[in-house]
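Notes to accompany the following structure.
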Amino acid sequence: MFSNIYLAPSDQDDFIPVFSLNEDENSNVESFPTNLPIVALKNTVLFPGNILPITIGRSKSIKAVKAAFKGDKYVGVFTQQEIDNEDPALNELYQVGTLAKVVKMLKMPDGNTTAILQGRSKCQLDSLVQDDPYIIASVTHIDTAKAENELELSVTMTSIKEISKKIINLSPQIPEEARLMLDNVKKPEFLLNFIASNIEGNVPKKQSILEIDSVEEKSKMILSELDNQLQLLELKTKIESKVRVDIEKQQRDYFLNQQLKTIQEELGQNPNREELLALEEKAAKMKWPEPVANRFAKEMKKAKRINPQIAEYSVILNYLETLLDLPWNTYTDDNFDLKKVKAVLDKDHYGLKDVKERILEHLAVLKLKGDMKAPIICLVGPPGVGKTSLGKSIAKALGRKFIRMSLGGLHDESEIRGHRKTYIGAMPGRIIKSIKKAGSSNPVFILDEIDKIGKDFRGDPSSALLEVLDPEQNTTFQDNYIEVDYDLSKVLFIATSNALSTIQPALLDRMEIIELSGYSLEEKVEIAKKHLVKKQREEHGLKAEHVKLNKGIIEQLIQGYTKESGVRSLDRKIASVMRGIAKRVAMEEPYNVSVTQEDLNTYLGSARFDNDRYTVNGTPGVAVGLAWTRVGGDILFIETSLSKGKGKLTLTGNLGDVMKESATTALSYIKSNSEELNIDSTSFENTDIHIHVPEGAIPKDGPSAGITMFSAIVSAFKQEVVQPYLAMSGEITLRGKVLPVGGIKEKVLAAKRSGMKKVMLCSKNKKDIEKIDPEFIKNLEVIYVDNMNEVLANAL
């Protein structure tokens, strides 16, 4: 509070108010001028009766003080409302300030001007008289109001003095002279101004005290501020005292413990006996295998023998605690209500029938047999199709604990097997640590991104996983740290991967591969309707009546704004729509509850991807093929043109080697069977053939365009148009056979989306068509062929 009374100012308006001991020095207010030069203070308030040295930096303030010093020496001192304002106007100052006398002006060695101001009376700003070169304003002088209740004021002043003295006692930095000033100043208004100027507080608080006219009210406010300050000081003193006592106690306890250890060592006693006894009691309750119990007993004997001061003692102690923390023979009960399990899996994930069926089969056998080694499943598929989240859903359905371990970028074999105890900071591998954390020996264990394991001089983690993922070996998995066998055969390991090519063959051989293809448009629509829209609506604080996305809008959202196999990007786009609607709901702006195409443009901008539907083309030599991509299926136009030449075949459109070979094979078959196809064999020698596949910036490859290229070339030579609304996919041979191809689901659904009415496939692909939901390919005719003649019979 009074800590800065006698210190010198160091910066502009960094002041120390000093009190004038001559209480009668103020003249009658009538003798003061009404038009005064105005000085603005930045971060302090001058009270009447106080002397304030200030260092003046602003030119207007210097001119105002110099003018006053040459004249009657009176200035109006007002505090500015904003500290950062370098040139405040009259209306940017507090309206109540202090009329002050310029007692002295000093030119400092650093070139600055210091003025010593003595507060004389309170005054209020009225109007601006002059703004340049310095502010002059008319002011009204405010008389100090007389006390209405002298007795009440006297009691309040006594309390203020007592609290002030307590504050001085608790603050060693405050000089003892402050106590003398409290005793010597008799007039309440002078003492209140002195305390108010030195009390700890911000400028608005001090200004509010200055503006109070009633002496009683001012004394009550200052008493309240002093009381708060005293409480803070007492609390600070109490905390410092407690900390000092705690430190002293810690030092005392340390010395006593050291002495106690020395005495116990001399007597041959183990100071950590109680800790070891607690571990033995816990071990007696454990239901662990006999080899583990024997190993624990052996390590316990060693711990009792060695000196607790040596480093090996803590290593053994950590090892014993790790053995006790592992869930030996502790299993959670599986949920054998298969219908309920199926319902949970279906609720959390749409589609993925193969995985769900495999989990239900495993549970069924477990229910009938009572005991069975868990399968090692590897889910392979593009990003965003729900591989990792499916593991969590399986754990929830089975009623098991869930563990996820990311293997992406793992290089060190010790991360899997752990470190030997001889190393400083040794710990178990991540497999054992995860089992310990789960507290169960039969969790669902997700090995995420198994295809992204690294390999360097520290070892090969994928080789370490061979033992973990082999049902014949993982019954006796041995971590380097625990050095005893641990049974992992009841753990349901589910590995996830984006590709199989980077997985070690031996590791791949140990896993049951289940491939997850990307979602079709129809499946994405269902996932959005059943899961994503509801999830994002809840996450953005919206209710069902706030927003509706119909099937058509979701399809436009998927086709125009996403291009992916999974639904991650779709989830983000739906979140963007929800954010836009949430903003309008919160700001009570009008909007469409049922989202329209225009709304999508508003929330997400223009569509990024263009999905053109098929249009009828009456030009011979053009056929429609089907392509598989990482983000689904698509239709592919094959264009053929003939021109006079020497029989040259030109292929354009950024085609791969396999696709080029398909074109060459188709042309060779046509040449060798020209009579059957009613094509003049001499025309091949005089005709150049150009085959082009549009969208040349996109690489294309694969054998599935074989029958499409064959149909397009024959169509060009015979000048017969290929059947409209027909798409085809199949590999060809020189013998005229049509072979099956992959990606049928994606290709057929792409044909349906593009408005095709017929699809031509190899008859051996019929099994792939049967796996597609009939609702998705309703009104789409599938034509099965086995040879080239059947292709032409249906194509031309």
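Taken together, the values in this text are just the output of simple stated rules run on the coordinates, not laboratory data. Predicted model, so just to flag it, every value in this text is computed and none were measured. Positions of Cβ are backbone-derived with ideal geometry, glycine not excepted, and every protein chain shown enters the neighbour counts.
Here are a few things to note about the model shown:
- The dipole here belongs to segment 522-619: it is taken about the Cα centre, uses +1 on the Cβ of Lys and Arg and -1 on the Cβ of Asp and Glu, and is about 260 debye.
- This model, with +1 at the C-beta of Lys and Arg and -1 at the C-beta of Asp and Glu, gives the chain a dipole about its Cα centre of some 1900 debye.
- Using the average count of surrounding beta-carbon atoms within 10 Å as a protection proxy, the listed peptides 348-357, 200-209, 643-652 rank, highest first, as 348-357, 200-209, 643-652.
- Between the residues PRO109, VAL45, LEU655, the greatest Cα displacement towards the positive end of the dipole of the chain, with unit charges on the Cβ of Lys, Arg, Asp and Glu, is found for LEU655.
- When peptides 529-539, 738-748 are sorted by average Cβ neighbour count within 10 Å, with the highest value leading, the order is 738-748, 529-539.
- Overall form of segment 447-532 per C-alpha gyration tensor (a/c, 1.5; a/b vs b/c): prolate
- Electrostatic dipole magnitude of segment 428-555 [Cβ: Lys, Arg +1; Asp, Glu -1; Cα centre; debye, to 20]: 900 debye
- Subset of LYS373/LYS455; LYS60/LYS218; LYS648/LYS671 violating a 21 Å alpha-carbon distance limit: LYS373/LYS455; LYS60/LYS218
- Stokes-Einstein D for segment 328-456, Kirkwood Rh over Cα pairs, 20 °C, 1.002 mPa s (µm²/s): 132 µm²/s
- Cα long-axis angle, helix 290-305 against the chain (0 to 90 degrees, to the nearest 10): 30 degrees
- Radius 13 Å from Cβ of GLN130, net charge of other residues (Lys, Arg +1; Asp, Glu -1): 0
- Helix axis angle, 568-586 relative to the chain longest principal axis, alpha carbon, degrees: 40 degrees
- Packing, as the average of other Cβ atoms within 10 Å across residues, places the peptides 705-717, 135-147, 569-581 in the order 705-717, 569-581, 135-147, highest first.
- Segment 678-796: antiparallel DSSP beta bridges as a percent of all, rounded to 5: 25 percent
- Among LEU542, ALA499, TYR94 - extreme Cα towards positive end, dipole of the chain, charges at beta-carbon: ALA499
- Acute angle (nearest 10 degrees) that the helix 551-561 long axis makes with the longest principal axis of the chain, alpha-carbon atoms: 80 degrees
- Rg/Rh, computed from the Cα trace of the chain with Rh as the Kirkwood radius, has the value 1.22.
- Over all pairs of different C-alpha atoms in segment 268-393, the reciprocal of the mean inverse distance, the Kirkwood hydrodynamic radius, equals 18.8 Å.
- Cα shape, segment 507-633, gyration tensor, a/c 1.5 rule: oblate
- Straight-line cross-link partners of LYS285 among the lysines, defined as a Cα under 22 Å from its Cα and at least 8 positions apart when in the same chain: LYS298, LYS301, LYS302, LYS304, LYS433, LYS436, LYS437.
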